[in-house]
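Undergrad: I'd like to ask you about the structure that follows.
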2 protein chains.
Amino acid sequence: MTLADTAYYALRRDIITGALAPGLPLRMAMLCERYGMGMSPLREALNRLQAERLVDAISLKGFRVAPLSLAELADTTQARILIETEALRLSIAKGGDAWETGIVGALHALSLQSQRGEGAGEALEQRHHAFHLALIAACDSRWLLGFFEKLYAESERYRTQSLTAQRAAHGRDIDAEHRAMAEATLARDSDRAVALLAEHYRRTEDFVVAHFQPAASARRA
Amino acid sequence: MTLADTAYYALRRDIITGALAPGLPLRMAMLCERYGMGMSPLREALNRLQAERLVDAISLKGFRVAPLSLAELADTTQARILIETEALRLSIAKGGDAWETGIVGALHALSLQSQRGEGAGEALEQRHHAFHLALIAACDSRWLLGFFEKLYAESERYRTQSLTAQRAAHGRDIDAEHRAMAEATLARDSDRAVALLAEHYRRTEDFVVAHFQPAASARRA
DNA sequence: AAGCCGGTGATTTTCGAAAATCCCCCTTGC
DNA sequence: GCAAGGGGGATTTTCGAAAATCACCGGCTT
């Protein structure tokens, strides 16, 4: 893996987790120090992230972490439901044994980690992503899967801004929602699976809206 | 505008028009010569294009123009219909006078250029893009508009591969299709507008499939 | 006192060379 | 004859400095 790839993944993670706050100006000198490399690989990584809308670039004024806003969150959720419900329908129509197996496995791994409690945030997030990917993995569309990844990353940024996503549990059993989705999907009940998925995302949006800290977004810079 | 931006737009155009053939390896020395700049801005442009799937990058082996295939074309068309039909429905629901005005104007400009005949390929393409954008301009979703741009670019690559897109006219009146779409849209008849749009894209796909020259894709390199 | 102009320092952008890596072909050994 | 190993050249990747641009501040004019 090249340094540019390393920089890309590191920056991506730091932006999604919020280690680099929304709106933060990304000065080259600071980034060189932080990631221990020259500016060439960093600039390449930033250009990729710009195309994914995780950073903004302004000509001759450099880069900054893309800011967050509730209006953008609504758009993201809406797009996400559109993409993933279609991908889920396609998967249900086309998926075979390997796909079903992947869902069952991902759900189990997610459930284990989720009961394990507070400490394991990083792994929990990874398994949550793996589960949602498993659901739509058989859709057989590079475009839909690519859009899914971008939208998932953007959604995750909002979730981490909401009180460190501490147990979204407020009157909500997320494990049960995941189980219900998996069940409807494996039963090849497209309409029910799609409805559950959309509802899942709408609730997540509501939770984020309720706990969103606009202060977390740095000023325009 | 920075050199990197210049390189980005120039490369993007050359890839979409086919001036840089699908599959062609993009050697830095060749690109420096062709675009008259050093490699830093070129590499930044290539990284952006990679995120848009117009070029492939393989670690330590450089970049190449993303290859085309009929399987990918089917996926692109399917994704395009999903995105644009939703964006069209939203636009019809939300659009105001400015939006309607934009459609009428874009349709007129397109029609003028299209009757003007063979010579004006570049301008025709630009107006064709402007028309399709005008239809969905009121959807008020950055994500959907962004996806539209990527999918449009990819579709355009296939169209230019098909016999220089010479008058797709084979038993087809494209102007009439555009007029019908605009009419249904302005009448706020979502279902009919969406059906016409989807049919428009399916026919374009069929035309491309019929005239596609697989030889045009350079070998794996 | 308010507004405009110019200079200085900070920052981004770009270049060209150095370092690292890969590809191809030739040699060598079995 | 064929596979494995190695060397030379081509290519990508990375660095650090130079060039270009911007932002801020103080002074000057009105």
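The values are calculated or read from the model by the stated rules, or taken from the named source; none is laboratory data. Small disclaimer: the values here were computed from a predicted structure and weren't measured. Counting neighbours? That spans all protein chains shown, and the Cβs are built from the backbone with ideal geometry, glycine included. With ligands, DNA and RNA removed, areas are computed over all heavy atoms of the protein, side chains included. Shrake-Rupley method; radii C 1.70, N 1.55, O 1.52, S 1.80 Å.
Undergrad: Where the eigenvalues come from the Cα gyration tensor of chain A, what are the semi-axes √(5λ) of the equivalent ellipsoid, largest first, in whole Å?
TA: They are 32, 19, 16 Å, listed from largest to smallest.
Undergrad: So how many Å³ per residue does the convex hull of the Cα atoms of region B:7-133 work out to?
TA: Cα convex hull per residue, to the nearest whole number: 152 Å³.
Undergrad: Can you sort A:5, B:97, A:191, B:189 by solvent-accessible area, 1.4 Å probe, largest first? It would help to have the intermediate numbers written out before the result.
TA: Details: A:5 25, B:97 125, A:191 105, B:189 60 Å².
So the residues, ranked largest to smallest area, are B:97, A:191, B:189, A:5.
Undergrad: Rounded to the nearest 10 degrees, what's the angle between the helix A:3-17 long axis and the longest principal axis of chain A, both from Cα atoms, 0 to 90?
TA: Around 70 degrees separate the two axes.
Undergrad: Return the chain A residue and its Cβ-to-axis distance, rounded to the nearest Å, for the rotation relating A to B.
TA: A:51, 2
Undergrad: Which percent of the accessible heavy-atom area of chain A goes to carbon and sulfur, probe 1.4 angstrom?
TA: Carbon-and-sulfur percentage of accessible area, whole number: 55.
Undergrad: So which trypsin sites (Lys or Arg not before Pro) in region A:59-106 end up in coil per DSSP with only 10 or fewer other C-beta atoms within 10 Å? Don't jump to the answer; show the numbers that get you there.
TA: Numbers: sites: A:61, A:64, A:80, A:89, A:94; in loops: A:61.
Answer by residue number: A:61.
Undergrad: Quick one: what Rg and Dmax do you get for region A:59-140 from the alpha carbons, in Å?
TA: When restricted to the Cα atoms of region A:59-140, Rg and Dmax are 16.8, 52 Å.
Undergrad: Between copies, how far apart are the residue B:33 label points? List them in nm, one decimal, shortest first, with each point 7 Å from Cα toward Cβ, please?
TA: Nearest first, the other copies' label points are 4.4 nm away.
Undergrad: Compute the relative contact order of chain B as a whole-number percentage, counting only Cα pairs closer than 8 Å that sit 6 or more residues apart in sequence. Walk me through the numbers on the way to the answer.
TA: Working: 234 pairs, mean separation 62.5, N = 221.
In percent, rounded to a whole number, it is 28.
Undergrad: For peptide A:39-45, what's the mean number of Cβ atoms from other chains within 10 Å of each residue's Cβ?
TA: Details: counts 1, 4, 1, 0, 6, 8, 1.
Per residue, the average neighbour count from other chains is 3.
Undergrad: Could you tell me whether the protein assembly as shown comes out rounded, prolate or oblate from its Cα gyration tensor? Rule is a ≥ b ≥ c as square roots of the eigenvalues, rounded for a/c under 1.5, then prolate if a/b exceeds b/c, otherwise oblate.
TA: Note, shape of the protein assembly as shown comes out oblate.
Undergrad: What does the copy distance list look like for residue A:105, label position 7 Å along Cα→Cβ, in nm and ordered from shortest?
TA: Here the equivalent label points are 5.5 nm apart from this one.
Undergrad: Further question on the same structure: Please report, for residue A:192, the nm distances (one decimal) from its label point, 7 Å out from Cα along the beta-carbon direction, to the equivalent points in the remaining copies, shortest first.
TA: Computed spacing set for this position: 3.9 nm.
Undergrad: Most mobile of A:21, A:98, A:109 per a Gaussian network model of chain A (Cα springs, under 10 Å)?
TA: A:98
Undergrad: Here's another thing I want to ask about it. In Å², and per residue, what accessible area does the protein assembly as shown have when probed at 1.4 Å with the other protein chains present? Don't jump to the answer; show the numbers that get you there.
TA: On the way: 20590 Å² over 442 residues.
Using a 1.4 Å probe on heavy atoms only, each residue of the protein assembly as shown averages 47 Å².
Undergrad: Can you give the accessible area buried between chains A and B, summed over both chains, with a 1.4 Å probe, in Å² to the nearest 100?
TA: 2900 Å²
Undergrad: Still on this model: In nm, give the distance between the simple-model label positions of residue B:101 and residue A:192, each being 7 Å from the Cα along the Cα-to-Cβ direction.
TA: The answer from the label model is 5.2 nm.
Undergrad: Any lysines with Cα under 29 Å of the residue B:94 Cα? List them, leaving off those in the same chain fewer than 8 positions away.
TA: Candidates past the 8-residue exclusion: A:150, B:150.
Undergrad: If you don't mind, another one. Please say if region B:3-65 is rounded, prolate or oblate, where rounded means a/c under 1.5 for a ≥ b ≥ c the square roots of the C-alpha gyration tensor eigenvalues, and otherwise the choice is prolate for a/b larger than b/c and oblate otherwise?
TA: Here region B:3-65 falls in the rounded category.
Undergrad: Hey, another quick one. Roughly how many nanometres apart are two label points built 7 Å out from the Cα toward the Cβ at residue A:1 and residue A:94?
TA: 2.8 nm
Undergrad: By accessible area of protein heavy atoms, probe 1.4 Å, what ranking do B:52, B:86 get, highest first?
TA: Numbers: B:52 25, B:86 55 Å².
Heavy-atom accessible area, descending, gives B:86, B:52.
Undergrad: What ranking of A:156, B:183 comes out by heavy-atom accessible area, probe 1.4 Å, highest first?
TA: Descending order: B:183, A:156.
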